[in-house]
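The block underneath contains the structure these notes are about, expressed in structure tokens.
The values are calculated or read from the model by the stated rules, or taken from the named source; none is laboratory data. Because the structure is predicted, anything quoted here is derived from the model rather than measured. No Cβ is skipped: glycine too gets one built from the backbone with ideal geometry, and neighbour counts run over all protein chains shown. For accessibility, only protein heavy atoms count, side chains too; no ligands or nucleic acids. Shrake-Rupley method; radii C 1.70, N 1.55, O 1.52, S 1.80 Å.
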Amino acid sequence: MRVKLLTTISIFTYQLSVSQTEKVLTGKVFSQNIPLKKVEVINKTAKTSTTTNASGEFSIVVKAQDSLLFFAKDYLFTRLKITTKEIETNNLIVNMIPKAEELNEVVINKVVFDKVKISADDVADVLISKNAKDLFWNTGVSDNSIREALRISFPLKGKQKKKIELHDDRFKKLIAAFCPPDFFIKSLKIKPEEKEIFLDFCDADPKSKALLEEPNVLSIMDFLYAKNEEFKNLE
């Protein structure tokens with residue numbers, strides 16, 4: 001009987017401690033002092049999510065050290081680790097950075113250049129000036145320079161055309177769209193000089209192609225964190 005009582009007390013104490021650590025956190029998402037609506041707010045630790053309302057406000061259950069992800073289509077992905085102070089204050093302010101605007105494609109249909117008019121007298125003056133400086137023309141002594149170079153040609157028959165392979169950089173563009181510039185240094189602890197090597201390492205994994213088909217911020221984060229562990233274990 002005593003054992004059952006102790007077990008019941010332990011379970012109750014555990015449930016009470018859990019309920020005390022988990023709190024509803026409220027906050028607001030801005031960009032350049034403008035509230036953002038329909039921003040996806042994801043608790044990566046607890047695997048829960050919500051979206052901001054028309055005023056940019058949101059509420060989500062969190063506990064200390066939980067990772068919150070903020071994702072909106074035209075803004076850089078933002079990641080925050082929740083502290084006890086932020087939970088107690090219960091007024092989280094998040095500022096999202098807009099993505100760089102892409103330039104519209106410019107199509108040039110026709111370019112017209114002004115005609116350069118050169119008379120026969122102008123051509124004659126150039127030739128006379130050139131020959132006056134030519135040692136062979138005046139003395140017959142060769143100075144080992146190549147004359148009539150423009151008239152010399154070399155056959156190019158049989159030379160194979162160089163094949164140009166286009167590099168597929170869709171995965172890197174996807175990561176750039178979803179991750180802020182300091183994500184690799186601050187979150188993944190990757191050195192700046194190792195960033196490109198790490199992205200190539202991730203791109204070589206067939207799972208990266210699946211992310212291109214169905215991009216999802218939570219799936220992308222899970223993939224990058226998993227590949228980061230593999231990358232650090234490489235000899």
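With every protein chain present, what is the per residue accessible area of the stretch 168-235 (1.4 Å probe, Å²)?
On a per-residue basis, the stretch 168-235 sits at 60 Å².
Based on Cβ point charges of +1 for Lys and Arg and -1 for Asp and Glu, what charge dipole magnitude is obtained for the stretch 189-235 about its Cα centre, in debye rounded to the nearest 20? Walk me through the intermediate numbers first.
Details: 7 positive and 12 negative charges, 31 e Å.
The dipole magnitude comes to about 140 debye.
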Accessible-area order (highest first, 1.4 angstrom probe) of the listed residues Lys44, Lys85: Lys85, Lys44
Accessible solvent surface per residue of the stretch 34-79, calculated while the other protein chains remain in place, 1.4 angstrom probe, Å²: 49 Å²
Separation of the Lys172 and Asn90 label points, Cα + 7 Å toward Cβ, nm: 4.8 nm
Size descriptor, Kirkwood hydrodynamic radius, that averages inverse alpha-carbon separations across the stretch 46-85, Å: 11.4 Å
